[in-house]
Structures are given as C-alpha cells and as structure tokens.
Amino acid sequence: MSKPTKLFEPYQLGPITLSNRLVMAPLTRNRAVAGLLPSPLAIEYYGQRATAGLLVTEASQISQQGQGYQDTPGIYSKEQVAGWRKVTERVHARGGRIFIQLWHVGRISHTSLQHDDGAPVAPSAIRAKGKTFVRGTFADVSEPRALTLEEIPGIVESFRRGAANALEAGFDGVEIHGANGYLLDQFAKDGSNKRTDAYGGSIENRARLMLEVAKAVTAEMGAERTGIRISPVTPANDISDSNPQPLFDYIVDHLNAQKLVYIHVIEGATGGPRDIAPFDYGSLRKRFKGAYIANNGYDYELANQVLAADAADLIAFGKPFLANPDLVERLKRGAPLNVPDKATFYGGGAKGYTDYPVLGEALDAAQ
C-alpha cells in the first residue's frame, strides 16, 4: 500500500466535492457513431473510470465547422445531447463527476468534414503543417480561410450553445478547449494570427476571442462550473508564439477576473518534453485564484511532489487512465499499471477501450 498523500484527499471544486485530486484528462478516441453521437461503449468507458476525482471527456465539437477528425462526438444536436446524457447518468450512478470539453479545431480540419466541402476557418489563411485523420487515413489539413469580423460572434454563440447543451445533458461543468493549436489558441498566438483588426496584433486583441468565449460560457454555465485548458508553449498542430509569458500572464489575469473554477495547464509540449521551452508556470498559479490543474507527463511521484509543494491543486493523467480504469485504486495500492495499446487509441470498438482489466481481473488472469 502507498503512503497517505494529498493525491487521494477530497477537493472542493466550486460547488462540487471531488473524491480525490486525480483528473482524467480529455482523450480523443474517434469512436463516435452515426450522427457523431458518443457510442454506447462510451457509457461504459466513462463509467469504468468514475473513481477519478474528475473526468473530462474527449474533446467534443460545438458545431460541424468545429470538427477536425473523423468520428469525434459533438455537443450541438439534440441527439448528441441525449447520447451524452446516458454517459453522465452512468458516471453519476457510480459516484463520479464529469465535465465535457468544448472544442472548435479551427484550421486543423479537412474540407471533407466541412459543410459543402468548404475550407476550415482560422484567424488567418495560413495552412498548418500537420495531418488529420479522415476517411480512415491520415491526410494533410486543408487550406483554411480567415474568419470575417462578422462571423466571430457566431463562434462565441456556438460555444455558449455548447455549454447550454452540456447543462441539458447533465454534465457537472464544461472545459473550454483553449489549447493544442486549435481555434482559440490559434487566435491567441502570433504564429497563426496575422490579423490587423480588433482580433489581431496586440496581446489584448489576440486574447480577445478566448476571453469572449469564456465570458459567454460562464454566463450560461456559471463561472463555478467552467474551466479552460491552455498550453502556453506546446508546438502541437504547428502552433507558436514569439513571447508566450506575457500573453498567458494576461490571459490568466483576465480568466481570474471572470472567476473561472479552474485552469488546466499543459506544461511543455503536449504528450512530449516538459522542458521544451522556458516558461514560468508558477506565474500563472499565483495569478489565478481558482484551481490549477497540472498536466503533461505526470506519474505518481511527480504528482505528489507538485501537490506537496502547493504548485498545483489537481493533477491530470491521460494515457494511464486510458489503460487503467481503476487507476486511483492501483496508485493507492502501489500496484502495477496496464500498458496502453497504442494500436487501439484511435477508432475501433471495445478492444483497447473498455476491455482493460481491473486489479481483481488482472490477478485472476495471472493465477
């Protein structure tokens, strides 16, 4: 058995009591069914992992325009809301708490996913160097077009509507996806935003869309049930900024003023090195009065170290939760972890999704 640690202590997240400080990070699995609904398997998948203090769902697009990969679920149709309600009911029946991640991919998309094979949208008409997964294969992302000023209120409204739908679906809250080179991150960072209007140029202008979305979502959901994910220095999806520290200090100051319940911070390169670029995450921690969720490459030891130093309130785990539905129990016991099967990460059925053994099953299989 492991020693008592802060990791397993309850945490008060706004009005919600979390049973521990482990967060299941959003993990794209590309298993949505017709109508881009979460599959029936998703009900069991999230239910299996309900012992996490907080589950954050896979990123879910707020509109058809917001989709960038095949078979990712949406949160914009009545049918999708009904599908997600089955997930939240299962998680709540098992004592869990669950937020949905609201997503617009921006330029990280393909014409085949867009209405009438149209171009994906972006702050500026700059094609990202990268690929997406469509029609069962990897393809270069398509050339985007720049959003007009007149279209931007519609983007904000789509996020607001996504939050309203999340409430209807029974989620405990929402996480705005402002990270990993998707639309809000594209606007914030000067490598992808070359606009000369009210949404480009200065830090204040580039941060505007992210902050407008946060305001609209919190008005719908309540700030105490709204979090946001950011990734100050990740190069994911060909994103970059020439000076990220003042940009994200500014963003977090204004998210703090809006009283969001948490910031979910990817420290370093998403799924890669934590030290890819210098950045003072402690500065964000000091500026934000809500919860700080630390993410990227955390294991049991690093999580305990960071919590003990009060450098974070909650710790997000990704791949470990993917392969270990009972991750909380395994860490408590100091038990070995299942190894993730990379071949089943994206797309497919139950294999590598709902069939990872829990501790008792693993012991039975070994006997």
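The values are calculated or read from the model by the stated rules, or taken from the named source; none is laboratory data. Treat the numbers as computed from the prediction; the structure is a model and nothing was measured. So basically every Cβ, Gly included, is an ideal-geometry build from the backbone, and we count neighbours across all protein chains shown. Quick note on the areas: whole protein, heavy atoms, side chains included, nothing else; ligands and nucleic acids left out. Shrake-Rupley method; radii C 1.70, N 1.55, O 1.52, S 1.80 Å.
Values computed for the structure shown
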item	result
Length added when fully stretched, E168-T148, from 0.36 nm per residue minus Cα-Cα	4.1 nm
Mean separation of Cα contacts under 8 Å (6+ apart) over length of the chain, as relative contact order %	17
Kyte-Doolittle mean at least 0.0, axial Cα span of 15 Å or more - DSSP H helices of the chain	152-168, 203-221
Mean ellipticity per residue at 222 nm, deg cm²/dmol - from DSSP H runs of n ≥ 4 across the chain, formula -39500 (n - 2.57)	-9500 deg cm²/dmol
Probe 1.4 Å - accessible area at D299, Å² to nearest ten	80
Segment 42-95, accessible area per residue, ligands and nucleic acids excluded (1.4 Å, Å²)	32
Efficiency of FRET from Cβ geometry, T196 and L337, R₀ 51 Å, rounded to 0.05	0.55
Gain on full stretching of the segment that runs from E157 to F8 - 0.36 nm per residue minus C-alpha separation	49.8 nm
S77-Q64 pseudo-label distance in nm [points 7 Å out on the Cα-to-Cβ vector]	1.0
For the chain, with +1 on Lys and Arg beta carbons and -1 on Asp and Glu, the positive-most of G154, A166, Q245 along the dipole	A166
Q305 paired with I276, simple spin-label distance in nm, labels 7 Å along Cα-to-beta-carbon	2.1
Accessible surface of the chain [probe 1.4 Å, protein heavy atoms]: carbon and sulfur percent	53
Area accessible to solvent at L302, 1.4 Å probe radius, in Å²	40
Identified option (computed Kirkwood radius over Cα pairs in Å; candidates (1) 22.2; (2) 23.4; (3) 20.5)	(3)
Dipole of segment 158-248 [Lys/Arg +1, Asp/Glu -1 at C-beta], most positive-end residue of L209, I230, A179	L209
Quotient of C-alpha Rg and 2.2 N^0.38 Å, computed over segment 212-303	1.09
Length added when fully stretched, Q245-D117, from 0.36 nm per residue minus Cα-Cα	42.3 nm
For segment 216-258: Kirkwood Rh in Å [reciprocal of mean 1/r, alpha carbons]	12.0
Segment 214-367, dipole about Cα centre (Lys/Arg Cβ +1, Asp/Glu Cβ -1), debye to the nearest 20	280
Solvent-accessible area per residue, Å², over segment 178-325 with all protein chains present [probe radius 1.4 Å]	34
Rounded to the nearest 10 Å², the accessible area of K131 at probe 1.4 Å	120
